[in-house]
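Chemist: Can you read through this structure? Questions will come right after.
Each value in this text was obtained by applying a stated rule to the coordinates, not by laboratory testing. Keep in mind the model is a prediction, meaning the values are calculated, not measured. No Cβ is skipped: glycine too gets one built from the backbone with ideal geometry, and neighbour counts run over all protein chains shown.
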Amino acid sequence: MRSAKLLFPFAILFVVAASAQCPEGGLMNLPNLPYLLVDAPIPSQERDKIYQLIDAGVHSSFTDKNRQEESTTVMGSPVGYVQLSQSGEPQLIVRGPLLTCGASGNCQWWVFVWDHGQLREVLETVGTLFRVDNYSHGFIDLASEGHPGGPKNGCGVYHWDGTKYVATCSGPRKH
């Protein structure tokens, strides 16, 4: 019973820290990503481009004997379209495979826009990706929040500058 009394204040502190928001505006979870890279409704040359981008980060985790497993891992990355722009055109969001995520959920994320019929990367970040209730230059702002023990242990807020997302602040979470 004594150990439970000692742990209770730490449990409260963890809940308060975990519910802290990085930006002062409202955060909204992104919708589920319903596809895997292998079956996402995108042209094959764009799929290959995304594959190479993700594979660059995981290639060294596999031996030559495990290249098929490497391919399966990369092609298993969750993908989905999310409307981030006020124009109504959806953007493609990719979360790296679980291999790129930490135990606390810090995952690698990419956001792509369609530009003259081709996908163009406009953001790469690590953490948990959220929509922020604010627009910059016609695109909703994004925030990436790291969890305790993760690589950032803080957050980054990204505003659209007209061509890509740029970090406008980073640092500890606001409580």
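Chemist: Report, by chain and number, residues whose modeled amide H sits under 5 Å from the one on Q91, excluding near sequence neighbours (fewer than 5 apart, same chain).
Modeler: V82, Q83, L84, S85
Chemist: Using the Cα gyration tensor of segment 28-171, with a ≥ b ≥ c the square roots of its eigenvalues, what is the shape: rounded (a/c below 1.5), prolate (a/b larger than b/c) or oblate (neither)?
Modeler: Cα axes put segment 28-171 in the oblate bin.
Chemist: Please list the non-local residues whose amide H lies under 5 Å from the amide H of D141, H modeled 1.01 Å from N, same-chain partners needing a gap of 5 or more.
Modeler: V132, N134, Y135, S136
Chemist: K49 label point, 7 Å along Cα→Cβ, cut-off 11 Å on backbone N: hits in segment 106-130?
Modeler: The answer is 112-122.
Chemist: Dipole size in debye (nearest 20) for segment 28-171 around its Cα centre, Lys and Arg Cβ +1, Asp and Glu Cβ -1?
Modeler: Using only the charged Cβ atoms, the result is roughly 160 debye.
Chemist: Per-residue HN-Hα couplings for segment 135-140, Karplus 6.51 cos²θ - 1.76 cosθ + 1.60 at θ = phi - 60°, whole Hz, x for Gly and Pro?
Modeler: 10, 10, 6, x, 10, 5
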